[in-house]
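What follows is one structure encoded as structure tokens, with my remarks underneath.
The values are calculated or read from the model by the stated rules, or taken from the named source; none is laboratory data. Not measured: the values here are computed from a predicted model. Glycine gets a Cβ as well: all are built from the backbone with ideal geometry, and neighbour counts include every protein chain shown. Heads up: the accessible areas ignore ligands, DNA and RNA and are worked out on the full protein's heavy atoms, side chains in. Shrake-Rupley method; radii C 1.70, N 1.55, O 1.52, S 1.80 Å.
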Amino acid sequence: MPKGIPNLYIEPDCEHNRQFAKGCAAPSPGEITKGCVFQGSQAVLLPISDAAHLVHGTSGCLQNSWSMLEAGMPGGPLSKFGFSMGLTEMDIILGGQKKLFEAINYIVEHYRPPCIFVYATCITILTAEDLDTVCRKAESLWSIPIIPLHNSGLTGSGNMGNRQAGEALFEKVIGTCDSDPRKLTPFDINLIGDHHFSKEGHEIEAMLSKIGIRVISRIAGECTFSELRSAHQAKLNMLVCSRSMVTLARKMRDSFGIPYFEGSFCGSREIRFSLRQLSFHFQDEGLDKQLHRYMRREEERLNKEILRRYKSLKGKKVVLFTDGIESWIYISLLYELGIKIAAIGTNQNAQEDLSRIKERIHEDTLLVVQSDETRILKLYRERKADLMIVSGRNAFVPLKERIPFMNIDEEQHGGYAGYDGVRRFAQGLMDTLEQPIWKIIRRRSPWEVESYGQG
């Protein structure tokens, strides 16, 4: 770990650190098969729409994050731009610090961003490039924040990258502007996500604005650099299914006195819990009445639609083969739609995620903590499920077996937050189950049967 970077594997506010064996589990060599630290950091910082993001590595490292840029929301002038040093073999041998300084100068001269994030990569960590010195020199020359991130992919998982990005925001960005009481309201909050939070953050903000709560900044969601600088003026932080950012929330609580809580907006039950938490923190009678009127009205509308439009989903059986927060945030939503969860297979879930799954599932749902492809397919057939819900690379499992599936990866769908998210989720399930393709692909080939279509 580079000098000056704190040990983020030991987070006092993580639930598992209250037990005998403290510390988050560090990955072993060869264990990382999903997002790396570099990717995790970019997931949090790329949505800053007017900042420039310069990858100090080969062009392949920038390609790694290209899908995040494409999935991002249209915003500032640099929201669709990614910059790379495009290091060659000669740069790696001779050193790329001079080239890095020139690249920073070029970006400032041509794009005039309010801030530049400079990302180290596996190669530049191994060749011991001194990013701090180059960034300090450029910062003194141009008088804008040039922030180095020592987040090479080989140092951990995507969650650790989220934490390192949060650390950089806390140290270099949040709280760097003066408070202006004239621009504040009694109910200002920050939303803190961690991965593909842009669309979801906007939907949650729109919902909260209807009951008089203002969102100052969406950390890890689409926002501007100036919004992040003023995040310390909020009266409450809400972690939206983002335990990896708990270190940032804890530090903002300790430094700025901003309390925080964790909640979700997937399903009316989760929405109800989160809104009541907001009401509890503000202790305002007017807000409380407005909030309950809003929930009652929206839940009545939603329940009528579930009975009328989505009644065909009632009694269907699903198997979840997901990881991380996606293993638990949709459980309540599925039950609200009348869907039975036959089994849940996880692979790389933290202890907190497993606790949240157990709090929500019914007795007849089987939880397999270390599940693999063979086990989950066996459960799907034994329990006669109608659909498999997957995310990420797990999507290939039902695809290969030609069974109905729905991929809930937020990168593709932008999440299902809010009451409208429930409707989109239900419609997605119905569209998947009613697809005629599932019957067609199960037919046997003409040369396997006497008459095509009768297999």
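Structure above, values below:
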read-out: Filter result for the condition that a residue is in contact with a Phe, Trp or Tyr (Cβ under 8 Å, 6 or more places away or on another chain) and surrounded by 18 or more Cβ atoms within 10 Å (Cβ to Cβ), over 149, 208, 169; value: 149
read-out: Any chance residue 294 is of a type in the set (Ser, Thr, Tyr) and farther than 28 Å from residue 248 by Cα; value: yes
read-out: Any chance residue 174 is more than 17 Å from residue 228 (Cα to Cα) and surrounded by 18 or more Cβ atoms within 10 Å (Cβ to Cβ); value: no
read-out: Scan of segment 95-131 for residues that are open to solvent by less than 70 Å² (accessible area, probe 1.4 Å), of a type in the set (A, V, I, L, M) and part of a helix (DSSP H, G or I), ordered by number; value: 100, 103, 104, 107, 108, 123, 125, 131
read-out: Scope segment 184-212; condition out of contact with any strand residue (DSSP E or B) (no Cβ under 8 Å at 6 or more places or on another chain) and closer than 13 Å to residue 231 by Cβ; matching residues; value: 184
read-out: Of residues in segment 278-292 being in a helix (DSSP H, G or I), closer than 21 Å to residue 260 by Cα and free of Cβ contacts under 8 Å to residues at least 40 places away in the same chain, the one farthest from the chain's Cα centre (by Cα); value: 285
read-out: Filter pass, residue 282 being touching a helix residue (DSSP H, G or I) at 6+ places or on another chain (Cβ under 6 Å) and surrounded by 15 or more Cβ atoms within 10 Å (Cβ to Cβ); value: no
read-out: Search result, residues across segment 309-343 that are assigned to a helix (DSSP H, G or I), within 30 Å of residue 160 (Cα to Cα) and either touching a Cys at 6+ places or on another chain (Cβ under 8 Å) or open to solvent by 30 Å² or more (accessible area, probe 1.4 Å) (or both); value: 325, 332, 333
read-out: Qualifying residue in segment 241-251 (condition: without any contact (Cβ under 8 Å) to a residue 24 or more places away in the chain and part of a helix (DSSP H, G or I)); value: no
read-out: Whichever residue in segment 263-279 is in contact with a helix residue (DSSP H, G or I) (Cβ under 8 Å, 6 or more places away or on another chain) and small (Gly, Ala, Ser) and, among such residues, is surrounded by the most Cβ atoms within 10 Å (Cβ to Cβ); value: 267
read-out: Selected residue (criterion: most open to solvent (accessible area, probe 1.4 Å)) from residues of segment 293-302 that are under 28 Å from the mean Cα position of the chain (by Cα) and not aromatic (Phe, Trp, Tyr); value: 299
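Let's see how each residue does on (1) part of a helix (DSSP H, G or I); (2) open to solvent by less than 30 Å² (accessible area, probe 1.4 Å); (3) touching a residue at least 60 places away in the same chain (Cβ under 8 Å); (4) among the aliphatic types (A, V, I, L, M):
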{"residue": "185", "(1), (2), (3), (4)": "no, no, no, no"}
{"residue": "195", "(1), (2), (3), (4)": "no, no, yes, no"}
{"residue": "202", "(1), (2), (3), (4)": "yes, no, yes, no"}
{"residue": "215", "(1), (2), (3), (4)": "no, yes, no, yes"}
{"residue": "227", "(1), (2), (3), (4)": "yes, no, no, no"}
{"residue": "239", "(1), (2), (3), (4)": "no, yes, no, yes"}
{"residue": "253", "(1), (2), (3), (4)": "yes, no, no, no"}
{"residue": "261", "(1), (2), (3), (4)": "no, yes, no, no"}
